[in-house]
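J.: One structure, pasted below without further comment.
The values are calculated or read from the model by the stated rules, or taken from the named source; none is laboratory data. Quick caveat, the model's predicted, so the values are computed rather than measured. Neighbour counts are summed over all protein chains in view; Cβ atoms, including those assigned to glycine, are modelled from backbone coordinates with ideal geometry. Quick note on the areas: whole protein, heavy atoms, side chains included, nothing else; ligands and nucleic acids left out. Shrake-Rupley method; radii C 1.70, N 1.55, O 1.52, S 1.80 Å.
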Amino acid sequence: MSKPSTTRRYGKQSKKPKAAGRLFVELPQTPVRTTKTAAIDEHASDDDDVVAELTQGLSSIKIRDENPELSESPPPRRRTRQSVLVDPPEDKVIKPLTPPRSEPTPPESEIEGEEVGEVEEHEEEGQVEEEDEVTPRPRPQEVAEGLQVLSWAEICPPGDSIVKIAEASYAEVYRVTNERGTSIIKVIRMSSPIKPQTKTQQKSGLVDEEPHSESDLQGELQISEWVADIPGFVVYKERYIVQGKACRELLETHQAFQKKLKRQDPGRLQFYPSPSRYLDDTKFLVVELGDAGTALEDFELTTADQLWDIFFHVSIALARAEARIEFEHRDLHEGNLCIRKVGEPIPKDGRDRTGQFGFSGLEITILDYGLSRAQADYESEPVAYDLERDLSIFTSEHAAQCRVYRQMRSFMLRGDRVCLPPEGHKKPYAEGIDGPITWAIHEPYTNVLWLAYLYEWMVDNFSGLKKELNSFKRATKELWSYLDPEADESVPGFESASDILRYAVEIGWIDEDQLMGGRDEVEKSILSIRAPDDVDSSVADRSVRRSPRKHRPTAI
């Protein structure tokens, strides 16, 4: 198949988008699997490939003035196809793509801990044993993989600021600020000893997050590097090994974070072990990222422009990642999306273009790829966390996002919009329409499910004028009908974030030129204590770029 023309054509864009009374004719019945035809162009640039893939279908998109009879449309079903993996053995047990979680290394002896305090159920507020005080180590040593080994006192020496801001999948998240700037660090406990729980902690039902082996973390780190230069994804800076007992600053911010959570949910148990339990050999992988701003769950939504921009910034980022590396986030709730103000809002009378996108002055950043899936090219194995390893994520009902986990797995099993209840997710590697379920395959409809969740969450948590919210809902009524995971089976819908983006461009909400460009800046680490002269500049910048890989064939 010949290379797509560099002259891109788009459907005629309306000057004033109309949400009601029109049907997105070319929209496929959701969910649907299709066999993709590909054309390979070894010499096209990444940006041209991505923009071409996201927009080349726009010329064929037609919007009618009258709705066809929906009763004539077949029910939405996922078309069966052979798995992208090797055919499963006869016993239909699929080997997980990532190794099972390693068991925590038990300590050599029982060590008596502190009594439980009101704040953390196991320690007195502000108390750190005298031997827990840490002095900075000498020059950091290099480990086998070339990572620096730091102490907690080197991560946050006196005068610097460290604030715990979130608990992500399998990691604690802190914001570190010093004279060189601000970074976010993601702290993941590796297989290493830790002080045992006290008897009081055991009685309280305290649950410790399990440590992780190095091989268990490679998937997320690999995806972090692949998406690092896609606008809308967090900037990857550096990673380190941090080993040893905690400094006082770390314990204090941990306690403050637990206080905050207990005010919000008094019955909540602490999940991540207190820093007071760290030993000399307790080891962490620390990933340093760019500062992404404020989590959406803590950001006050006050204008319709913010709703438009947040939703479509996320859609554009996901669509680009789908096109480049067949990316699915699979955990994009309000805690894994950050908002930052980068400019002033543009009032309606000061705008030089039509449309709805790009007027709020906000920038979004997608975080946390612990459950994500991606593939560098067609010759490599996909990187995907095997969610079948722990089905509790599908049976839990502790938060609204748990339903989206069930919607994803139900789709993988059934191939339609029907969401199985918690009791329908008890058997790992259950038989689906393609055989035993596997999370290695690419199903971009999972991104649509999370965008639908994001839309509903923002509407439900909007605190601005009611008339602005109603205006936004009226304008996006048709969009929501195709997003809604609970829509009638006769209603067509989006298959991917790329579909949503095409729709937005065709209807006139987003201008074509707003999809151009990429991320050019390189953010430096603020934590590394190597002298600049110790590291060759040509090597230092490698960690913030994607790993080299072949161009992916562009889907037609």
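J.: Give the residue, chosen from Asp298, Asp309, Asp305, that is among the acidic types (Asp, Glu), open to solvent by less than 10 Å² (accessible area, probe 1.4 Å) and free of Cβ contacts under 8 Å to residues at least 60 places away in the same chain.
T.: Working: Asp298 fails: open to solvent by less than 10 Å² (accessible area, probe 1.4 Å); Asp305 fails: open to solvent by less than 10 Å² (accessible area, probe 1.4 Å).
Matching residue, one of Asp298, Asp309, Asp305: Asp309.
J.: Among (1) surrounded by fewer than 23 Cβ atoms within 10 Å (Cβ to Cβ); (2) within 17 Å of Ala317 (Cα to Cα), where does Val491 come up short?
T.: Status for Val491: all satisfied but (2).
J.: Name, by its number, the condition in (1) within 30 Å of Gln222 (Cβ to Cβ); (2) more than 15 Å from the chain's Cα centre (by Cα); (3) modelled with pLDDT under 90 that does not hold for Gly370.
T.: Gly370 satisfies all of (1) within 30 Å of Gln222 (Cβ to Cβ); (2) more than 15 Å from the chain's Cα centre (by Cα); (3) modelled with pLDDT under 90 except (2).
J.: Can you spot a residue in the stretch 425-437 that is modelled with pLDDT of 95 or more, surrounded by 21 or more Cβ atoms within 10 Å (Cβ to Cβ) and among the aromatic types (Phe, Trp, Tyr)?
T.: No: the stretch 425-437 contains no residue that is modelled with pLDDT of 95 or more, surrounded by 21 or more Cβ atoms within 10 Å (Cβ to Cβ) and among the aromatic types (Phe, Trp, Tyr).
J.: Let me ask you something else. Looking only at the stretch 470-521, which residues are among the aliphatic types (A, V, I, L, M) and closer than 30 Å to Val235 by Cα? Full working, then the answer.
T.: In the first step, residues of the stretch 470-521 are kept if they are among the aliphatic types (A, V, I, L, M); the result is 475, 479, 483, 487, 491, 497, 500-501, 504-505, 507, 510, 515-516.
Passing the criteria: Leu483, Ala497, Ile500, Leu501, Ala504, Val505, Ile510, Leu515, Met516.
J.: Considering only the stretch 283-312, how many residues are out of contact with any strand residue (DSSP E or B) (no Cβ under 7 Å at 6 or more places or on another chain) and modelled with pLDDT under 95?
T.: Initial filter on the stretch 283-312 (out of contact with any strand residue (DSSP E or B) (no Cβ under 7 Å at 6 or more places or on another chain)): 297-298, 300, 302-305, 308, 311-312.
So of that shortlist, the ones also modelled with pLDDT under 95 come out as 297-298.
So the answer is 2.
J.: Assess whether Glu252 counts as being surrounded by fewer than 22 Cβ atoms within 10 Å (Cβ to Cβ) and not in a helix (DSSP H, G or I). Quick ask: steps written out before the conclusion?
T.: On the way: surrounded by fewer than 22 Cβ atoms within 10 Å (Cβ to Cβ): yes; not in a helix (DSSP H, G or I): no.
Answer is no for this residue.
J.: Just name the residue that is surrounded by the most Cβ atoms within 10 Å (Cβ to Cβ) out of those in the stretch 325-357 that are part of a helix (DSSP H, G or I) and out of contact with any strand residue (DSSP E or B) (no Cβ under 9 Å at 6 or more places or on another chain).
T.: Gly350
J.: If we scan the stretch 358-377, do we find a residue that is surrounded by fewer than 22 Cβ atoms within 10 Å (Cβ to Cβ) and over 25 Å from Val234 (Cβ atoms)?
T.: No, every residue in the stretch 358-377 fails to be surrounded by fewer than 22 Cβ atoms within 10 Å (Cβ to Cβ) and over 25 Å from Val234 (Cβ atoms).
Listed here are the residues, each with its yes/no results for (1) open to solvent by less than 20 Å² (accessible area, probe 1.4 Å); (2) in a helix (DSSP H, G or I).
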{"residue": "Asn447", "(1), (2)": "yes, yes"}
{"residue": "Tyr455", "(1), (2)": "yes, yes"}
{"residue": "Met458", "(1), (2)": "yes, yes"}
{"residue": "Gly464", "(1), (2)": "no, no"}
{"residue": "Lys467", "(1), (2)": "no, yes"}
{"residue": "Ser471", "(1), (2)": "no, yes"}
{"residue": "Arg474", "(1), (2)": "no, yes"}
{"residue": "Glu478", "(1), (2)": "yes, yes"}
{"residue": "Tyr482", "(1), (2)": "yes, yes"}
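J.: Residues in the stretch 389-412 that are outside any loop (DSSP other than H, G, I, E, B) and within 20 Å of Phe494 (Cβ to Cβ): how many?
T.: Narrowing the stretch 389-412 to residues outside any loop (DSSP other than H, G, I, E, B): 389, 392-395, 402-412.
Next, only the ones that are within 20 Å of Phe494 (Cβ to Cβ) stay: 403-412.
Within the stretch 389-412, residues that are outside any loop (DSSP other than H, G, I, E, B) and within 20 Å of Phe494 (Cβ to Cβ) number 10.
J.: Related question: Filter the stretch 358-388 down to the residues that are assigned to a loop (DSSP other than H, G, I, E, B), hydrophobic (A, V, I, L, M, F, W, C) and in contact with a Lys or Arg (Cβ under 8 Å, 6 or more places away or on another chain) and list them by number. Reasoning before the result, please.
T.: Start the filter on the stretch 358-388 by keeping residues that are assigned to a loop (DSSP other than H, G, I, E, B), which leaves 358-361, 367-372, 375-382, 385-386.
With the extra rule that they be hydrophobic (A, V, I, L, M, F, W, C), the set shrinks to 359, 367, 371, 376.
Within the stretch 358-388, Phe359, Leu371, Ala376 qualify.
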